[in-house]
Every structure is written in C-alpha cells, then in structure tokens.
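Novice: Starting off with a structure, shown below.
The numbers here are math on the coordinates, done by the rules we state, and not lab data. Here the structure is a predicted model, which is why all the values come from computation and not from measurement. Note that each Cβ is placed from the backbone with ideal geometry, even for glycine, and that neighbours are counted across all protein chains shown.
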Amino acid sequence: MSTAITDATVAALAERLDAAATSRTDTPSLADDHTFDIDDAYAVQAALVARREARGEHVTGVKLGFTSKAKMAQMGVSDVIVGRLTDAMRVADGADLDLSRFIHAKAEPEVAYRLARDVDPDDPATDIEACVDALAPALEFIDSRYRDFRFTYEDVVADNTSASAYALGAWRPLADAGDVSNRAVRLLSGPAEAVGSTAAILGSPVRALHALLDMCRRRRIPLRAGQVVLAGAATAAVPLAPGVISCDVAGLGSVSVCVK
Ligand code: OOG
C-alpha cells in the first residue's frame, strides 16, 4: 500500500537534500519526521536530479548500490538501488579532488560499463549485454547527506543513493576485456587498503546490468548511448582522506585521483 506523500512534500524533501549537498551540511534521516515509501523515495530522487539539471548539470549515467550481498544483508534488503550520475560529479583520472566539496565522503572500487546505444527497458527483446561496448575500472565517491551515514532504505534512494563523484580509468573494449566475473579488485588510499573481487557485485558485474535493466523499467529511468553504468562496490567503502587513492581491477587497469 502506498503512503504517497504530496508533490509539495516531494519538492520540499528534494530541496532539503539539495541544500545539504550544496552547503556540505549533513541532515537527519528524512524518516525521522516523514513516512514515505519506496515510490515516494524515487520521486524525491527525480526531483533532486531535476534541481541539478536546472542548474545546468547533465546526466552522464547511472549507478547501482547494494549490489554486494554484505551490504544488502547489512541493510536487510534484497533489492538493489539505482541513482543518477551527472557531469558535475565526474573527476578526470589522475586529477585532484578537493575534500571540501564533501560532507564525509567514502570511496568504493567499482567496475564501469559504457552504453553503446539507447536502451529500451520496456522492450522484452532488449539484450542489455549487447548494449554495452566497453569496461573501465572506476572509483565512486559516496557522500550521504545524512548525519553519520545513518539512513533507511527509502532515505538513501531519496538521496540519489549517496552519489557525489566518480572517476573512470581508460575504457577497454568489451571484446578485449574477457570474463570479468571474478577479477581481483584493490582500493589503495595511503595506508588503508580494501581488497575484493568483482564477484562481490551480485556474483558478477554482468548481473548488475540485468538488475539495472529491471530497475530502470520499474523506475522509468532512461538509459542513453554514451552513458556510464557504475555496477556497484566490490569491497566495503573506505573513508576519503588526503593523498592518492587508486582502484585496480585485474586485467582492466587502474584509476586514481589525488585527494587534497
Ligand atoms: C549507499 C550507496 C551504496 C554501493 O555500491 O553499494 C553504494 C551508501 O552506502 O551510502 O553505492
């Protein structure tokens, strides 16, 4: 049963999260003072992304969250979440990344796919694997707008799944990349290290593509040629600290940024 909040409340919650992001000031969980369901949460996310677009940002892709079993279990959910990436979140490989743009960011090592063509999630004949043409190692920077990263499942969806920045390594044609279902992944940040495998991403990053197609059909999220898909974290997130941070995916290469 839907608890459907009003359009005015959707707009007010999007404004609250947007203000938290732009002022780098955390906010308490929306669920502390509002009752809203997952449909409402995606409506708030859409309004939040629309605010970014109204400021001149362009959607560059999508990201999945909770694709790792450990993270799903931690949240007590069995569904992945999807959020939107914009050009303002993009950081070039090797570039500087200013810590002051975040509230309390963390980094996650990921795998990115590139969409070679528009995807129609409503067409049962859509072959999502045939719609991607390249892969790259990626770093995702998540920065929940919620105090202490304390949020409900609905909260994090409303907050655009904590999306805040991302960096991509060089694209590798899919045909050359081989089977990426179980590749070693290593995140290095000064003395901190997180190691894992791409298998942590729903068993294989390819499964993330199928989960994405399903989510985009259910949530009416368009997928366009040239867009990036971040398939989800391969290890636990590491707090962002000054210094070089890198992600290496065996056989795919690496990507790094210099946090200042
Ligand atoms: C939510 C985003 C999680 C992932 O890959 O699981 C995520 C969060 O933990 O803040 O991006």
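Novice: Go through ALA47, PRO137, LEU64 and say which Cα lies farthest out towards the positive end of the charge dipole of the chain; charges sit on Cβ, +1 for Lys and Arg, -1 for Asp and Glu.
Specialist: PRO137
Novice: Taking a label point 7 Å from the Cα of ASP123 along the Cα→Cβ vector, which residues of the range 212-237 have an amide N closer than 17 Å to it?
Specialist: Flagged as within label range: 213-214, 216-218, 221-227.
Novice: Before anything else, pin down the relative contact order of the range 95-179: Cα pairs under 8 Å, at least 6 apart, normalised by residue count, whole percent.
Specialist: Rounded, it is 33 percent for the range 95-179.
Novice: Quick one: compute the contact order of the range 1-110, relative version, from alpha carbon pairs under 8 angstrom and 6+ residues apart, as a percent.
Specialist: Values: 85 pairs, mean separation 28.5, N = 110.
26 percent.
Novice: In addition: Order of 118-128, 197-207, 18-28 by packing, highest average Cβ count within 10 Å first? Each step should come with its number before you reach the end.
Specialist: Numbers: 118-128: 13.2, 197-207: 20.8, 18-28: 16.0.
Listed from highest to lowest mean packing, they are 197-207, 18-28, 118-128.
Novice: Taking a quarter of the surface of the Cα convex hull of the range 1-44, what do you get in nm²?
Specialist: Values: hull surface 12.0 nm².
For the range 1-44, the mean projected area of the Cα convex hull comes to 3.0 nm².
Novice: Could you size up the charge dipole of the chain around its Cα centre, putting +1 on the beta carbon of Lys and Arg and -1 on that of Asp and Glu, and report it in debye to the nearest 20? Before the final figure, lay out the partial values.
Specialist: Working: 27 positive and 36 negative charges, 91 e Å.
Dipole of the chain, to the nearest 20 debye: 440 debye.
Novice: Using only C-alpha atoms and all pairs of different ones, pull out the Kirkwood radius for the range 139-244 in Å with one decimal. Walk me through the numbers on the way to the answer.
Specialist: Details: mean 1/r = 0.0633 Å⁻¹.
One over the average 1/r among Cα pairs gives 15.8 Å for the range 139-244.
Novice: Right, next: Using the Cα atoms as the points, what is the convex hull volume per residue of the chain in Å³?
Specialist: On the way: hull volume 31.1 nm³, N = 260.
Value for the chain: 119 Å³ per residue.
Novice: In deg cm²/dmol, rounded to 500, what helix-only [θ] at 222 nm does the chain give when every DSSP H run of at least 4 residues adds -39500 (n - 2.57) and the total is split over its residues?
Specialist: Details: 6 runs with 66 residues, N = 260.
So the calculated ellipticity at 222 nm is -7500 deg cm²/dmol.
Novice: Please name whichever of LEU240, ALA165, PHE36 sits farthest to the positive end of the charge dipole of the chain, dipole taken about the Cα centre and charges placed at Cβ: Lys and Arg +1, Asp and Glu -1.
Specialist: LEU240
Novice: In the chain, if the dipole is taken from +1 on Lys/Arg beta carbons and -1 on Asp/Glu beta carbons about the Cα centre, which of ALA112, VAL228, GLY94 is farthest to the positive end?
Specialist: GLY94
Novice: If contacts are Cα pairs under 8 angstrom and at least 6 residues apart, what is the relative contact order of the range 1-55 in percent? Working shown, then result.
Specialist: Details: 32 pairs, mean separation 29.3, N = 55.
Answer for the range 1-55 is 53 percent.
Novice: What number results when the radius of gyration of the range 1-149, computed over Cα atoms, is divided by 2.2 N^0.38 Å?
Specialist: Values: Rg = 16.7 Å, N = 149, 2.2 N^0.38 = 14.7 Å.
The value comes to 1.14.
Novice: Using 5 Å bins from zero, what percent of all Cα-Cα pairs in the range 32-101 falls into each bin?
Specialist: 3, 12, 16, 18, 21, 17, 9, 3, 0
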